[in-house]
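Asks: Here's a structure for you.
The values are calculated or read from the model by the stated rules, or taken from the named source; none is laboratory data. Treat the numbers as computed from the prediction; the structure is a model and nothing was measured. Here the Cβ positions follow ideal geometry from the backbone for every residue, glycine too, while neighbour counts run over all protein chains shown. Ligands, DNA and RNA are stripped out before the accessible areas are found, and what is left, the full protein with its side chains, is counted by its heavy atoms. Shrake-Rupley method; radii C 1.70, N 1.55, O 1.52, S 1.80 Å.
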Amino acid sequence: MTGFIIVQPQVRPFVAHIQLNRPKELNALNLQLMQELRDALRELDADEQVRVIVISGNEKAFAAGADIRQMAGLTAMDMYNIDQFATWDAIKKIKKPLIAAVSGFALGGGCELAMLCDMIVAAETAKFGQPEIKIGVMPGAGGTQRLTRAVGKALAMEMVLTGKFISAEEALKSGLINRIVPVDLYLEEAFRLAAEVAKQSPLAVKMAKESVLRAFDSTLDEGLHFERKNFYLLFASDDQKEGMNAFIEKREPVFTGK
Ligand code: CAA
């Protein structure tokens, strides 16, 4: 079985890199690729030497969406039985931060995968879109929900109903992405950002990620309660003692994830 991803577990200290690798098909996300991605992410999530994971495609495409050829002939019952988005639920459960490094096309499922990540670093060439409407369907892996939460109703509605792409510049302006860099630097910048996060306490990082994401699924009161419990819980960690003592002793902390 040919692999559709390339995994580098240590591209920087505590930073792993997964590259989507179906270049001829612009990294179209077929079932096998998504299963490989899910399995690799689960493995890296369990690896103590990994604290942050960068997902990229190549210069031309992050990913041009779900694999249209694979889906074209399917029936509703096939879709139900295959349950192709079940892998996405598993990826949503990854506790470590995921950073999408996007160059070129991030369309349909590609845009949805980038949005499933926690931060997005984009090359100037990046193009984001949910063009499913042009092939007679609609986004199915979170596009109507995560895009709307990120950029607001007006732009999300326009993108989803017309299939128009937006540039990296527009994506930055509308709050979809974190930053834009020249194309030859986008991967490097994603690794740099990942390394900055990887320096922090991995326990605090995981609980902070979980708490920020909770903001999308809860009322303010529930979210605040969740945040407070995680804050208190971190006082059970060595890293809390190390972080606070290092501050008082005016030195750099050394976090162990314990
Ligand atoms: N599925 C399957 N194959 C795809 C693909 C996709 N989503 N996107 C591109 N490809 C294939 C093309 O068929 C082509 O293959 P061949 O060389 O064998 O013909 C190859 O990748 C290169 O693509 P193009 O020749 O089309 O390249 P281009 O530079 O002219 O155009 C593009 C690039 C605008 C991205 C165009 O390929 C395109 O519109 N792709 C489809 C985008 C799309 O509709 N995505 C949504 C898919 S549905 C979805 O994602 C549902 C969901 O919510 C999860």
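Asks: Could you look at the chain and say what percent of its accessible area is carbon and sulfur, using a 1.4 Å probe and all protein chains? All intermediate terms of the calculation are to be shown ahead of the outcome.
Replies: Numbers: 7960 of 13810 Å².
Taking all protein chains in place, the chain shows 58 percent carbon and sulfur surface.
Asks: Can I ask one more? Which residues' amide hydrogens lie under 5 Å from the amide hydrogen of residue 140, considering only partners 5 or more residues apart or on another chain, with H built in the peptide plane?
Replies: For residue 140, no residues qualify.
Asks: Which one of 73, 203, 235 is farthest out on the positive end of the charge dipole of the chain, using unit charges on Cβ (Lys, Arg +1; Asp, Glu -1) and the Cα centre as origin?
Replies: Checking the options against the dipole of the chain, the answer is 235.
Asks: What size of dipole, in debye to the nearest 20, comes out for the range 202-248 about its Cα centre when the only charges are +1 on Lys and Arg C-beta atoms and -1 on Asp and Glu C-beta atoms?
Replies: Rounded to the nearest 20 debye, it is 40 debye.
Asks: Still on this structure, I have one more. For the chain, set up a Gaussian network in which alpha carbons nearer than 10 Å are linked by springs, and say which option among 65, 243, 142 fluctuates the most.
Replies: 243
Asks: Quick check: residue separation of residue 134 and residue 24 times 0.36 nm, minus the Cα distance between them. What number comes out in nm?
Replies: 37.4 nm
Asks: Compute the longest continuous run of the chain that contains no exposed GluC sites (Glu not before Pro); treat a site as exposed when its DSSP state is not H, G, I, E or B and it has at most 12 other Cβ atoms within 10 Å.
Replies: Free of exposed loop sites, the longest segment is 49-248.
Asks: Oh, and also: With the chain treated as a Gaussian network of Cα nodes joined by springs under 10 Å, which of 201, 237, 103 yields the largest mean-square fluctuation?
Replies: Maximum among the listed residues: 237.
Asks: Rounded to the nearest 5, what % of DSSP beta bridges with both residues in the chain are antiparallel?
Replies: About 25 percent, rounded to the nearest 5.
Asks: Just to be sure I understand the model, the point goes 7 Å from the Cα along the line to the Cβ. What's the resulting residue 31 to residue 149 distance in nm?
Replies: Result: 2.8 nm between the two label points.
Asks: Just want to confirm a number: the relative contact order over the range 5-198, from Cα pairs under 8 angstrom separated by 6+ residues, in percent.
Replies: 22 percent
Asks: Can you tell me the accessible area per residue over the chain, all protein chains present, probe 1.4 angstrom, in square angstrom?
Replies: Per-residue value: 54 Å².
Asks: Continuing with the same structure: Pop out the ³J(HN,Hα) list for the range 151-166 in order, Karplus 6.51 cos²θ - 1.76 cosθ + 1.60 with θ = phi - 60°, rounded to Hz; leave Gly and Pro as x.
Replies: 10, x, 5, 4, 6, 4, 4, 5, 5, 6, 8, 10, x, 5, 8, 10
Asks: Which is farthest toward the positive dipole end of the range 5-198 among 31, 61, 137, measuring Cα position about the Cα centre, with Cβ charges +1 (Lys, Arg) and -1 (Asp, Glu)?
Replies: 137
Asks: For residue 216 and residue 251, calculate 0.36 nm times their separation in residues minus their Cα-Cα distance, and state this gained length in nm to one decimal.
Replies: Full extension of this stretch gives 9.0 nm more.
Asks: Report the residue, chosen from 203, 185, 176, that carries the largest GNM mean-square fluctuation when the chain is represented by alpha-carbon nodes joined by springs under 10 Å.
Replies: Answer for the Gaussian network model of the chain: 185.
Asks: At 0.36 nm per residue, and after removing the present C-alpha to C-alpha distance, how many nm does the segment from residue 244 to residue 42 gain when stretched out fully?
Replies: Gain on extension, residue 244 to residue 42, equals 69.6 nm.
Asks: Given a 1.4 Å probe and the protein chains all in place, what does the accessible area of residue 157 round to, in Å² to the nearest 10?
Replies: 90 Å²
Asks: Cα centroids of the range 143-162 and the range 229-251: how far apart, whole angstrom?
Replies: What the calculation gives is 39 Å, centre to centre.
Asks: Any idea how far the Cα center of the range 174-214 sits from the one of the range 53-86, in Å?
Replies: 25 Å
Asks: Could I ask something else about it? Residues of the range 132-172 with backbone nitrogen within less than 17 Å of a virtual label 7 Å along the Cα-to-Cβ line of residue 82, please, listed as ranges.
Replies: 132, 135-142, by backbone N distance to the label point.
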